[in-house]
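Engineer: What follows is a structure written as structure tokens; I'll ask about it next.
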Amino acid sequence: MSKSFIGIDVSKNNLDVHILPEALSFSYPYEPKTIKALIKKLKSFTPELIVMEATGGYEVGIGVALAGAGLNVAIVNPRQVRDYARALGKLAKTDKIDAYIIARFAKDVKPESRTQLTLKEFELKSLVARRQQLIDMRSAEKNRLSRASVAQVKNGIQKIIRVLDAQIKAIDDDLHNEIKNNPVWHKKLELITSFNGVGDNTAHMLLFSLPELGNLNRQQIAALVGLAPFNRDSGMMKGKRTIVGGRANIRRALHMPTLSAATRWNKTLGEFYCRLIAKGKKHSVALTACMRKLLITLNAMVKNNEPYNPKLCKITVDN
């Protein structure tokens, strides 16, 4: 009996399902009481893979439930499915992706099934994202304060900054307590922050927005974050190497640690950075290359369950 491939189109209120090769479609209300019934029905098809698009958080609950039931689940970037559908000539730019297209994508592309976040991990990931939003809002208010000349306007801005400060501190306290009470997270945080220049805030982003850290090889983790250079060669023309896609929030989180490591704290990364600059590379290009080396080093540290040591960093940089 051949195994099935299942596509689930997730929305706020509904779970639309299509199963191949059976060509069976059906829908369930997206409610806790119906998820068990859906899982039981899906298991009867012995699915090889279930694919859903990332839909801003709606996919998390059903994804956790399916993975917890022992089913292979892949949550993919909607752009991947849309590009696949467009290649098949199945939709125009504004057409909606449906469960059938997702099921065909599952069958033909077979995206890798990875460990899904638990509901608690998703909550903490959301807190980390919210913290960054508050930081950005506070920076904007501080810029406005520096240009304000009217006392009433200054007072209003200062009140908002104090509110933002309090909310940021509350999130920091929540994250600290949650990690402190979870031995796995606490150990991982200690490993990550053993690299001089990588602080708690960067570690929080890596813990909950890059749970794959330590579980992938160096090429995979770099590609996932968008730090794997792609060439633009064509025939005799040799184009520039560029980075494409990936998790921009992780690259942003690694920017300052990379800058401080390459210019102040880390001899190996510093020498690598200087070599690239000496070869005529732009600062931004050299810094991106250092960021890739930092990420690969952190990945190796977590994978090997060992804190930072210069030998590991040198091996990573030299290869």
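The values are calculated or read from the model by the stated rules, or taken from the named source; none is laboratory data. Since we're looking at a predicted model, the values are computed, not measured. All Cβ positions, glycine included, derive from the backbone under ideal geometry; neighbour counts span all protein chains shown.
Engineer: Condition (residue is without any contact (Cβ under 8 Å) to a residue 40 or more places away in the chain, of a type in the set (Phe, Trp, Tyr) and surrounded by 14 or more Cβ atoms within 10 Å (Cβ to Cβ)) applied to the stretch 175-188: is it met by at least one residue?
Structural biologist: yes
Engineer: To continue, here is another question. Mind listing just one residue for me: the one in the stretch 205-223 that is part of a helix (DSSP H, G or I) and out of contact with any Leu (no Cβ under 7 Å at 6 or more places or on another chain) and, of those, surrounded by the fewest Cβ atoms within 10 Å (Cβ to Cβ)?
Structural biologist: In this case the residue turns out to be Gln219.
Engineer: Select from the stretch 39-68 the residues that are modelled with pLDDT of 90 or more, part of a loop (DSSP other than H, G, I, E, B) and not aromatic (Phe, Trp, Tyr) and write down the one among them that is surrounded by the most Cβ atoms within 10 Å (Cβ to Cβ).
Structural biologist: Among those residues, the one meeting the criterion is Thr46.
Engineer: Shifting gears a bit: Can you name every one of the helices (runs of 4 or more DSSP H) wholly within the stretch 257-319 that holds 3 or more residues which are under 24 Å from Leu224 (Cβ atoms), touching a Lys or Arg at 6+ places or on another chain (Cβ under 7 Å) and modelled with pLDDT of 90 or more?
Structural biologist: Once the helices (runs of 4 or more DSSP H) in the stretch 257-319 are filtered for at least 3 residues that are under 24 Å from Leu224 (Cβ atoms), touching a Lys or Arg at 6+ places or on another chain (Cβ under 7 Å) and modelled with pLDDT of 90 or more, what remains is 283-304.
Engineer: Please determine, by comparing only the residues of the stretch 12-36 that are small (Gly, Ala, Ser) and surrounded by 11 or more Cβ atoms within 10 Å (Cβ to Cβ), which one is nearest to the chain's Cα centre (by Cα).
Structural biologist: Top of the filtered list is Ser27.
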